[in-house]
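Asker: Please read through the structure below; I'll follow up with questions.
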Amino acid sequence: MLTRLATDHRADFPGLVTPTGKPWHYLDTAATAQKPQAVIDAVTAALGKDYATVHRGVYSRSAEMTLAYEAARRRVAAFIGGAEDEVVFTRGATEAINLVAATWGEANVGAGDRILLSQLEHHSNIVPWQMLAQRKGAHIDVCPLTDDGRIDLDAAAALLTPAHKLVALAHVSNVLGGVLDIARAAELAHGVGAKLLVDGCQAVARIGVDVAALDCDFYAFSAHKLYGPTGIGALWAKAEILADMPPYQGGGAMIDKVSFAGTTYAPAPQRFEAGTPAIVEAVGFAAACDYVDAIGLSAIHAHESALVAELRDALGAMNDVTLFGPADSAGIVSFLLDRVHPHDLGTILDEEDVAIRAGHHCAQPLMEHLGVPATARASFGLYSSQEDIAALVRGIERTRRIFG
Ligand code: PMP
């Protein structure tokens, strides 16, 4: 029995209609989520009547905006169970991971050291580590997957050695939707003295995250997948790790004192936020956390899980459809229709006002493992409904007729 989530909240999202006012069956939330009016209003106010710079102004508007910006940091930290001085605002998850590679990685990974990734990582949790490994003469190991498409932590346990300095894994796969047991991954990583970085991009909007309970060392995510604005994300890191990390970009706001004789740096997290920050986006990020918390991630997770089960049942009943990923995927279903390239399917579905993602999903090593160049992917959000699934199924049936 599906929850009433979509019925109750769909109207909060002005983006969920077509230009002619019909319902838009948006099944690409894993790429980016639509925005609730509460976030749009918060961004509009921050860009309008409340707008000013932060951290510098002596006038009251700037002081208020500084309070709002730092309140946003507290809000985002609380959303994932962290402390405010443990959250660095970044451009998104990609920059958060690159920041760790460029600072912690530069200081802690050396020649002969190893980094463990998995076969299903998004390119943004592969390429920064490859670049670091190339600079340092370090090695990348790839953890294989189980038959149903989860990161195989038993295999990780067998691969890990004291030479591993870092384990970097996705909490939820953006292609297959499997949820990783982060507490166990942390135990394994820490068992050999490695740190654990979690790519939480798909998890934060789908399952409740408590970094303290998970005991990971770094957690990276983007606001835009959490119903917030683009252009901002967060790196959470344990305070003692952040305190020891060298600076990232140099510039204003990240310093303690600058002179040509030498510069000293601000403490974390300011040390990692050079330049005028994404003030407006931070306010929108906090509003998104408020919006999601008011609904509750357990309700959102239950809703998306029910939709996954319904879609997997519908697709599983079609003998020309291949389904990927575990049955208990968090809100994401990847599949292939025989004889139809996912791009063709996506184009025909678009004519039916159904939006899916078709392609390699920035996970080419996973595509190679699956033996396909691309998949079709339907992904849900809190506003997704059985009508969206019905429209997708109708569109697949029409595609099948077109392709004979
Ligand atoms: N990791 C995963 C699992 C993702 O799904 C994405 C976004 N597709 C990213 C990282 C990168 O996020 P962003 O593009 O917002 O930096």
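Asker: Counting DSSP beta bridges with both partners in the chain, what percentage is antiparallel, nearest 5?
Answerer: Values: 25 of 44 bridges.
Bridges in the chain are about 55 percent antiparallel.
Asker: Still on this structure, I have one more. Step by step: find N for the chain, compute 2.2 N^0.38 Å, then divide the Cα radius of gyration by it. What's the final number?
Answerer: Numbers: Rg = 21.7 Å, N = 404, 2.2 N^0.38 = 21.5 Å.
For the chain, the normalised Cα radius of gyration comes out at 1.01.
Asker: Just need the relative contact order of the chain here, percent rounded to a whole number, with Cα pairs under 8 Å and 6+ apart. Write down the numbers at each step before the final one.
Answerer: Numbers: 818 pairs, mean separation 91.8, N = 404.
With pairs under 8 Å counted, the relative contact order is 23 percent.
Asker: Find the centroid of the Cα atoms in segment 160-211 and in segment 83-102, then give the distance between the two in whole Å.
Answerer: About 16 Å separates the Cα centre of segment 160-211 from the one of segment 83-102.
Asker: Which pairs, out of 35/238; 165/225; 225/257; 22/225, put more than 27 Å between their alpha-carbon atoms? Please list the in-between numbers first.
Answerer: Numbers: 35/238 30 Å; 165/225 29 Å; 225/257 37 Å; 22/225 24 Å.
Over 27 Å apart, Cα to Cα: 35/238; 165/225; 225/257.
Asker: So, by mean Cβ neighbours within 10 angstrom, what's the order for 44-53, 143-152 with the highest one leading? Can you show the working numbers first?
Answerer: On the way: 44-53: 14.7, 143-152: 17.4.
Top of the packing list down: 143-152, 44-53.
Asker: Where in the chain are the DSSP H helices whose alpha-carbon span along the long axis reaches 20 Å or more and whose Kyte-Doolittle mean is at least 1.6?
Answerer: Working: long enough: 60-79 (28 Å, -0.26); 279-295 (25 Å, 1.39); 297-316 (27 Å, 0.47); 386-402 (24 Å, -0.47).
Taking the DSSP H segments of the chain (at least 20 Å long, mean hydropathy at least 1.6), we get none.
Asker: State, as an integer percentage, the relative contact order of segment 108-154 based on alpha-carbon contacts under 8 Å between residues 6 or more apart. Each step should come with its number before you reach the end.
Answerer: On the way: 59 pairs, mean separation 21.1, N = 47.
Relative contact order of segment 108-154: 45 percent.
Asker: Relative contact order of segment 147-236: what whole-number percent is it, with Cα pairs under 8 angstrom and at least 6 residues apart? Spell out each step's value before the answer.
Answerer: On the way: 144 pairs, mean separation 21.8, N = 90.
Once normalised by length, the contact order is 24 percent.
Asker: Now, a different point. Mind jotting down the distance between the C-alpha centroids of segment 1-49 and segment 213-281, whole Å?
Answerer: After rounding, the separation between the Cα centres reads 29 Å.
Asker: Can you give me the P(r) profile for segment 157-286? Cα pairs, bins 10 angstrom wide beginning at 0, each as a whole percent.
Answerer: Answer for segment 157-286: a P(r) of 12, 34, 33, 18, 4, 0 percent.
Asker: State the Kirkwood hydrodynamic radius of segment 292-345 in Å, one decimal place, computed from all pairs of distinct Cα atoms.
Answerer: Numbers: mean 1/r = 0.0807 Å⁻¹.
Taking the inverse mean of 1/r over all distinct Cα pairs, segment 292-345 comes out at 12.4 Å.
Asker: Among 87, 43, 76, determine the one that fluctuates most according to a GNM of the chain built with springs between C-alpha atoms less than 10 Å apart.
Answerer: Its mean-square fluctuation being the largest, the pick is 43.
All of the numbers you see were taken from the coordinates with simple rules; none came from a lab. For clarity, every value in this text was computed on a predicted model and none was experimentally measured. FYI the Cβ positions are ideal-geometry reconstructions off the backbone, even for glycines, and counts take in every protein chain you see.
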